[in-house]
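Everything on this sheet refers to the single structure shown next.
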Protein chains: 2
Amino acid sequence: MNEHVKPVELRKAFRLVNHGPTVLLSARNGSVDNVMAVAWCCGLDIDPPKLTVVVDTIAHTRSLIESSGVFVVQVPTVAQLELTREVGSRTLYKEPDKLRNSGVSICEMAGHDLPFVEGCSAWLACRLISEPHIQDAYDLFIAEVIAAWADDRVFRDGHWHFETAGPEWRSLHHVAGGHFYAIGEAFPADSNGG
Amino acid sequence: MNEHVKPVELRKAFRLVNHGPTVLLSARNGSVDNVMAVAWCCGLDIDPPKLTVVVDTIAHTRSLIESSGVFVVQVPTVAQLELTREVGSRTLYKEPDKLRNSGVSICEMAGHDLPFVEGCSAWLACRLISEPHIQDAYDLFIAEVIAAWADDRVFRDGHWHFETAGPEWRSLHHVAGGHFYAIGEAFPADSNGG
């Protein structure tokens with residue numbers, strides 16, 4: 001990772017996904033890495049931080065998560081719009097070169113045997129909390145966030161700075177069928193929208 | 001409700017929350033209505049539509065949901081920023097006039113004994129799916145969406161139209177401490193962000 005990637009305090013890690021971005025979910029099992037796009041990822045607790053993520057049985061990444069018990073949730077940017085669509089529509093089951101063909105570069109973080117996607121704005125390393133009933137019944141996975149980082153050009157001092165970073169840093173919010181919105185105007189705590 | 005509020009097909013109801021807005025959660029038990037703001041609400045399935053919502057035990061609205069088994073998830077707008085902050089910081093346990101003091105007007109929908117918040121952009125009537133273990137362990141509730149509506153000035157033909165509606169219609173996305181972002185620029189399915 002480059003010099004802009006800085007650790008985020010765990011008790012503030014929920015802020016990285018609290019505004020509801022579509023995320024990239026990545027996992028590793030041995031020599032196999034995969035990355036998928038997920039709109040259904042959500043905060044669950046603040047301290048210790050937990051989150052939920054919905055992963056269909058048809059997703060190859062699910063098998064990696066179930067094998068390894070760990071995964072990364074990362075926040076892609078407007079600059080990664082095509083990458084996000086590509087990893088969301090291709091499957092490693094049919095395309096062994098999915099990641100290269102989607103423009104994904106993987107990098108490593110010391111102490112974590114996990115695939116981190118380069119160029120995102122934030123990364124949350126997660127450990128699965130086993131809840132077999134809801135995994136089977138709803139494809140719903142619960143995890144604890146065990147480490148977090150962000151790029152200080154867009155998230156620093158515990159806050160997003162979308163309004164001063166370039167537009168290419170904005171988070172992506174999927175509606176359906178490849179139609180996204182970027183995050184927009186800021187309303188600080190002392191502002192009003194009326 | 002006014003003449004702009006139109007039913008949304010159930011199989012497209014997930015699109016109302018797929019982009020990760022902070023929502024208003026409302027519920028009723030007998031003569032008692034309450035409304036709270038919730039950032040942790042997330043899609044879970046498309047057809048039939050399901051969603052998850054995280055509701056702390058300290059929230060009065062939780063007791064209403066547990067009693068009645070039904071609730072409404074609605075999507076507030078930039079015009080409702082102050083209302084959203086107010087219902088998120090006041091509690092009915094200490095303030096019986098919370099809703100009036102927060103500027104909330106409640107309206108009814110035929111066939112649903114539930115409190116709908118006027119002025120939102122979308123409404124999802126939900127029926128709790130009882131999962132006592134995850135409710136107790138994680139404050140996590142699973143529900144099926146049984147009916148949905150949207151204001152056709154901002155959502156029609158199965159699509160959000162934030163880019164052509166006025167800025168006061170944009171959804172709100174909470175980070176922390178009353179700091180929100182509105183949803184922003186659109187990237188249709190054939191666009192790229194590079």
If you take the residues in region A:124-177 that are in a strand (DSSP E or B), of a type in the set (Phe, Trp, Tyr) and more than 8 Å from every other protein chain (Cβ to nearest Cβ), which one is surrounded by the most Cβ atoms within 10 Å (Cβ to Cβ)? A:Phe155
Here the residues within region B:4-55 that are under 17 Å from B:Leu83 (Cα atoms) and at the interface with chain A (Cβ under 8 Å from one of its Cβ atoms) are B:Pro21, B:Thr22, B:Ala39
What number goes with the only condition from (1) out of contact with any helix residue (DSSP H, G or I) (no Cβ under 6 Å at 6 or more places or on another chain); (2) in a loop (DSSP other than H, G, I, E, B); (3) not hydrophobic (A, V, I, L, M, F, W, C) that B:Gly103 does not pass? (1)
Count of residues meeting criterion [free of Cβ contacts under 8 Å to residues at least 40 places away in the same chain, of a type in the set (A, V, I, L, M, F, W, C) and not in a strand (DSSP E or B)] in region B:32-56: 1
Filter region A:1-31 down to the residues that are part of a strand (DSSP E or B) and more than 12 Å from the chain's Cα centre (by Cα) and list them by number. A:Val5, A:Lys6, A:Pro7, A:Arg28, A:Asn29
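With respect to B:Ile134, determine if the residue is more than 14 Å from the chain's Cα centre (by Cα), modelled with pLDDT of 95 or more and of a type in the set (A, V, I, L, M, F, W, C).
When the stated conditions are applied, B:Ile134 passes them.
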What are the residue pairs meeting all of these: first residue in region A:112-128, first residue on the phi > 0 side of the Ramachandran plot and in contact (Cβ under 8 Å) with a residue 60 or more places away in the chain, second residue crowded, with 16+ Cβ neighbours inside 10 Å and among the hydroxyl-bearing types (Ser, Thr, Tyr), Cβ atoms under 7 Å, and 6 or more apart or on different chains? none
Given the conditions (1) of a type in the set (Ser, Thr, Tyr); (2) in contact with a Leu (Cβ under 7 Å, 6 or more places away or on another chain); (3) within 14 Å of chain A (Cβ to nearest Cβ), every one holds for B:Thr61 apart from (3)
Check A:Ile65 against each of (1) part of a loop (DSSP other than H, G, I, E, B); (2) among the aliphatic types (A, V, I, L, M); (3) closer than 28 Å to A:Glu9 by Cβ and name the one condition it does not meet. (1)
So A:Ala189 fits all but one of (1) assigned to a loop (DSSP other than H, G, I, E, B); (2) within 17 Å of A:Pro7 (Cβ to Cβ); what number is the exception? (2)
Filtering region B:64-94 down to residues that are away from every other protein chain (no Cβ under 12 Å) and of a type in the set (Ser, Thr, Tyr), which residue is surrounded by the most Cβ atoms within 10 Å (Cβ to Cβ)? B:Ser68
The conditions are (1) on the phi < 0 side of the Ramachandran plot; (2) modelled with pLDDT of 95 or more, and A:Ser31 fails exactly one of them. Which is it? (2)
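The values are calculated or read from the model by the stated rules, or taken from the named source; none is laboratory data. Just so it is clear, the model here is predicted, and its values are computed rather than measured. Cβ: placed from backbone, ideal geometry, glycine included. Neighbour counts: every protein chain shown.
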